[in-house]
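Report on one structure; see the data block that follows.
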Amino acid sequence: MVKLIWILPLIIASFVNASLLIRSDTLERDEEGNIIARGRVEVFYGNYFIMADEIIYKKDKKVIIAKGNVFIEAKDENLIALGDEAKFDIASKIGYIREVSGKYRRFYFKANDFKKVGEEIYETKRGEITTCPPDRKEALLCFSRARITDRYIFSFNNVLKIGKVPVFYLPIGILPVGDRRSGFLEPMIGTDTYNRVIYRQPLYWAISEDKDATITFDYRSEQADGIELEYRQVLSSYSKYSVNLFYYREPPLPGLWWKGRDMKEYRRDRYRFKMDGNYGGLRFGVDTVSDAYFMEDIYFVREKETVPYLLSYIDYHREFKDVIFTFNLKKFRDLTLSDSGSIDKLPEIGIFLKNREIGKGIFFNTEIYYTNFFQEKGEKTHRFIMRSEFNKGFNIFGIRDYISFTHINNYYLPYGDSSYESDNLITTFAFENRIPFLFSLEGDVLKKQALFEVVYTYQPDTFENPQFDVFDEINRKSEIKFRMSADTYLGERQILGLFMEGGYNYLGSYFLPTDGKLIEKKLLPLRVALNFSPVKGIIYTQDFYYDHNLRNIIRLANNLSLTYGGASVGVGSYISRNSQNKTVSDQTRLRLGVNYKGYFINTYSNIDNRIERDLFKRISLGYKSPCWSFSIKYRSTWDGNKRDYINEIYLYFSVFNIREFILPLRTR
């Protein structure tokens, strides 16, 4: 309906202060000096082209009247309008168009009567608008009358029709005009397990050209009522920030939604504060909540309801000619209530000296880091790292050979309640030798590429140092790995991809990829990854680890996808075994989707074969057209802690593909 406001005023306003060119079969002047054009009349006026059966230009009154099959088209083709009669008073800048219909951009419109009654003030009667094409008017927004200013639309007796059936009525509507005008946005009305009624009403506030805000009033019949504020401001082309503040007030006594929870987290006054911004290479953010259950109770989106933690951070990155400087601070707000807690970086400062040539073909780079690892319960350590790498490439008898030598220095200074009573300095080195072989073969139809690589890695010692990230993984190593990657193309389409990796550890031990346990054997697990697509629409992938010592596949992931027309089917599985050769994960995934003439159904299921339960299943069905859509989505998630399913049903409704209206009907 907002688009209709600008369609007709453009037609009227365009006839002001522009040159007038008339071309017709006959052109005459009557006794009063009026110019009358008849028969295939064409008028070029400003940015518009006009056609009509008859056009009268009353020069003394500066009035233009168009009659019969009036056609108006903008030169940029964004506007096309048809009407029975139009009148424009150039002097007073008012006028009307009757029985007008047409298209503005992707919107089709129609109005019985449209008038300009004042400066930037318009009135219209019996109007409608849609994004449906003329031959498929499946959804219409109709109103009996409306008054339009340059800032707002005041419409009356609004009715939304799907087909010929009225589905929604609003007696009075106040809507903003243009892209950035203050006013009410579309509300959300719904119900769920704990609330008979939920009503959310957002209000948009266009403060200025560089800042705006959205205020949302949230009413829930049983749970907490609240208000949300989202403020956004652009400072320059490379800097902006936003602030989100949520405040909710719980009932005097805890409701059913608090059953089975840790009551230490209960708050009557609940909030979330979130701020994000950037200024050049600086990024920053603050995100915190009053309690661990805030996200689960307030949001309706599954991804936000189940988020495990919130992150406050400062990131700064600055790159110079030879140096990269980084500053990183991360503070987590754990929402899982686990005993281990999260590991914060308060802060981490890094300097990287870029790779540069220091001798004949010899290159050198260095990275230096200081990190303060902090946990509420657990290790607290200052860590200093300095790693210097020398690398060089050789060409021996046409074979490329790359070697690198890295000097490693890790220094740990624990504090607080730490299991490490004193400082710990680690000094060691790592050596790597890599020899790649590249092959390619091109035919008229098929093209093949293959890379074979031999990599030897040596590291002399294993240390009992704190473990925070990959920089702390310093273990004795003397191993050789063989890698092979091959691809086959049929034209531009890949039909076969294969990756294989295996190796041998001379020291007689390695860590198992699944559970990280030490295996006292020399032969490393074999990894194979396959991607096979014989014809378009069929894709099969497989990725597995085979352990020679356990004589079993310790990790296996399969997936088969079939697509034809509007139908698709997917079947997948995942199996994982630990160092005791016991199955720790065995899951099957099933997917089905059908789309036919706008109607669709999609299903997904994730089954745990060990406990013989669906961990998650989802079904959605509905209809989608160019101008409206409707769908029902059902989700069921197994809650291992409560030993029960959480079931949810949502109704989605979108009109003209502008904004979705969501009605949640959650049950347990």
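The values are calculated or read from the model by the stated rules, or taken from the named source; none is laboratory data. Fair warning: this is a prediction, and the values are worked out from it, not measured in the lab. Cβ placement follows ideal geometry from the backbone for every residue including glycine, while neighbour counts extend to all protein chains displayed. SASA here: full protein model, heavy atoms, side chains in, ligands and nucleic acids out. Shrake-Rupley method; radii C 1.70, N 1.55, O 1.52, S 1.80 Å.
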For this session: Would you grab the residues whose amide H sits under 5 Å from the one on Asn609? Only those 5+ places off in sequence or on another chain, please, with H modelled 1.01 Å from N.
Result: Asp586, Gln587, Thr588
Exercise. What is the extension gain from Val197 to Leu235, computed as 0.36 nm multiplied by their sequence separation minus the C-alpha to C-alpha distance, in nm to one decimal?
Worked result: 9.7 nm
Exercise. Between Tyr564 and Lys137, what length in nm is gained on full extension when 0.36 nm per residue of separation is reduced by their alpha carbon distance?
Worked result: 150.8 nm
Exercise. So, with a 1.4 angstrom probe, what is the percent of accessible area on the chain that is carbon and sulfur?
Worked result: 57 percent
Exercise. What's the lysine pair count for the range 288-350 at a Cα cut-off below 23 Å, pairs eight or more apart or interchain?
Worked result: 4
For this session: Mind checking the range 207-249 for chymotrypsin sites (Phe, Trp or Tyr not before Pro) that DSSP puts in a loop (not H, G, I, E or B) and that have at most 16 other Cβ atoms within 10 Å?
Result: Tyr238
Exercise. With the dipole of the chain worked out from charges on the C-beta (+1 for Lys and Arg, -1 for Asp and Glu) around the Cα centre, which of Cys132, Gln494, Tyr645 lies farthest toward the positive end?
Worked result: Cys132
For this session: Normalising by the residue count of the chain, find the relative contact order in percent from Cα pairs under 8 Å and 6+ residues apart.
Result: 5 percent
For this session: On the full set of protein chains, 1.4 Å probe, figure out the accessible area of Met500 and give it in Å² to the nearest 10.
Result: 70 Å²
Problem set entry | Free-standing Cys, the chain [no other Cys Cβ under 4.7 Å] | Cys142
For this session: Return the FRET efficiency for the residue pair Tyr645, Asn69: r is the Cβ-Cβ distance, R0 is 60 Å, and the value is rounded to the nearest 0.05.
Result: 0.40
For this session: Express the C-alpha Rg of the range 168-327 as a ratio against the empirical globular expectation 2.2 N^0.38 Å, rounded to two decimals.
Result: 1.29
Exercise. Mind listing the Cα extents of the range 590-645 along all three principal axes, in Å, largest one first?
Worked result: 43, 20, 8
Exercise. Using only Cα atoms, what is the ratio of the radius of gyration of the range 523-656 to 2.2 N^0.38 Å?
Worked result: 1.35
Problem set entry | Ranking by accessible area, most exposed first, for Cys142, Cys132 with a 1.4 Å probe | Cys142, Cys132
For this session: Please list the non-local residues whose amide H lies under 5 Å from the amide H of Lys240, H modeled 1.01 Å from N, same-chain partners needing a gap of 5 or more.
Result: Leu235, Asn278
Problem set entry | Solvent-accessible area of Val159 with every protein chain in place, 1.4 Å probe, in Å² to the nearest 10 | 30 Å²
Problem set entry | the range 249-387, accessible area per residue, ligands and nucleic acids excluded (1.4 Å, Å²) | 56 Å²
Seminar exercise, completed: From DSSP H assignment alone, runs of 4+ in the chain each adding -39500 (n - 2.57), the sum over residues rounded to the nearest 500 puts [θ] at 222 nm at -1000 deg cm²/dmol
Problem set entry | Proximal lysines to Lys521, defined as alpha-carbon separation beneath 22 angstrom and excluding residues fewer than eight positions away on the same chain | Lys477, Lys481, Lys582
For this session: Give the angle, between 0 and 90 degrees and rounded to the nearest 10, that separates the Cα long axis of helix 2-13 from the longest principal axis of the Cα atoms of the chain.
Result: 40 degrees
